[in-house]
Each structure stands twice: as structure tokens, then as C-alpha cells.
1. Restricting attention to the stretch 16-34, which residues are within 24 Å of GLU53 (Cβ to Cβ), surrounded by fewer than 19 Cβ atoms within 10 Å (Cβ to Cβ) and in contact (Cβ under 8 Å) with a residue 12 or more places away in the chain?
2. Out of (1) more than 15 Å from the chain's Cα centre (by Cα); (2) within 22 Å of ASN59 (Cβ to Cβ), what's the single condition that is false for LEU88?
3. Which condition does ASN57 not pass, out of (1) at positive phi; (2) surrounded by 23 or more Cβ atoms within 10 Å (Cβ to Cβ), if it passes all the others?
4. Pull out all pairs, ordered by first then second residue, where Cβ-Cβ is under 6 Å, the residues are six or more apart or on different chains, the first lies in the stretch 155-178 and is at positive phi, and the second is of a type in the set (A, V, I, L, M) and surrounded by 12 or more Cβ atoms within 10 Å (Cβ to Cβ).
5. Is it true that GLN139 is in contact with a Ser or Thr (Cβ under 8 Å, 6 or more places away or on another chain), farther than 21 Å from VAL6 by Cα and surrounded by 24 or more Cβ atoms within 10 Å (Cβ to Cβ)?
6. Here are some residues: LEU88, LEU96, LEU84. Which one is among the hydrophobic types (A, V, I, L, M, F, W, C) and farther than 23 Å from ILE134 by Cβ?
7. Under 9 Å between Cβ atoms, at least 6 apart or on separate chains: pull out the pairs that start in the stretch 107-133 with a residue that is in contact (Cβ under 8 Å) with a residue 60 or more places away in the chain and end on any residue that is surrounded by 14 or more Cβ atoms within 10 Å (Cβ to Cβ) and part of a loop (DSSP other than H, G, I, E, B).
Amino acid sequence: MSQKRVVIVPGNGDGDVERSNWYGWLQNKLTEKDVECVLKNMPDPGIWIPFMEKQLNCNSNTVIVGHSSGAQAAIRYAENHCVLGLVLVSACVTDLGDPNEKASGYYNRPWEWEQIKHNTQWIIQFGSTDDPFIPFSEQKQVAEGTGAEFQQYSDKGHFMSMAFPELLKKLMEKLQGS
């Protein structure tokens, strides 16, 4: 497993990502299991894709774990780059009228679902029907487009807890099977 690595791409506006949501927890758990995990504060969302390629070195041995805006960045990245897998959390297909999301540039063209599937070995998605920011219908559109193994919940909101054992379990199953 030493060649495989995980890059966590957080949501917009999360500040110090190591202390935000479950990101630092996941990084620590993966490190304990001898899985290389990269977690960095992200620049302006408009340049996340080149940052993921050049600074985070996302490649065919990388699993990108993307949350919220980070999920959209992961999906767009996989349109043109091969990655081992994607873990998408609270993903959507439109900017939902949010000016910051619109400015990211992720929503200004159709999603290339077939290309994303071609460039990934597997995709897992986590969504919750009670997400206050992402309508469940949008989460389902991502799952249908990507063919993701969809993990549906009704009580996780926007997945902003400090731990996420369900994600860790599914991710480790995929890493051990890849």
C-alpha cells in the first residue's frame, strides 16, 4: 500500500484544514495505517485544479477525497487526469446560486461523466438527505453520472463532524483491494 496515496481536498472556506471537520482525523487515521495522506490549505478555488496537479501531485496512484467544493474539484480533475479513485462527500452538479461556487469555474460547462469513469478505477460517494447546503437530488445526479458506489444517509447533514469512520472503512476496503 505504500505507493498508494490519499489527497484530501476540503470544502471552500474551511480555514485551517487540519482542524476543520474530519480532515485532520482522517489524515491521522490513514497515517496510523501507513497510508500516505496529503492535507494542505487550498488556494483560491479558481486555481485548485493546477494546484492539485503540480503541488499535491495527484496521479494514477492517488485517491482524491473531496468534500463539498473539494468534491467538485476532484470530479473536474478526473475529467482530464487518471487517478486511482475518488471519494466524494456532499457533491453537487450546479453552483446552487452561490457566487463563490460560480467563481470557481467548475459549473460553467457540462460534466464529462464518461471521461471521469474512464480515468478512475472506482468512485465512492457519501450523501445525506438532510444536507442543508446540497439538495439530495443534486447528490443523486452525481452518483448517477459517475456510477459511484453511493452511501446514502439521512442524518449526516453536510458531513461536518470531527470524525468520519464510515469513510475510513470504505476507503481502506478499496485501498486494500486495489
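Please treat every number below as a calculation from the coordinates, not as lab data. What you see is a predicted model; the values in this text were computed from it and never measured. Every residue, glycine among them, receives a Cβ derived from its backbone with ideal geometry; neighbour counts consider all protein chains shown.
1. Those that are within 24 Å of GLU53 (Cβ to Cβ), surrounded by fewer than 19 Cβ atoms within 10 Å (Cβ to Cβ) and in contact (Cβ under 8 Å) with a residue 12 or more places away in the chain: ASP16, GLU18, GLY24.
2. The one condition LEU88 does not meet is (1).
3. (2)
4. Hits for this filter: PHE159/VAL89.
5. yes
6. LEU84
7. Partner pairs satisfying both residue conditions: PHE133/SER68; PHE133/SER90; PHE133/CYS92; PHE133/ASP98; PHE133/GLY157; PHE133/HIS158.
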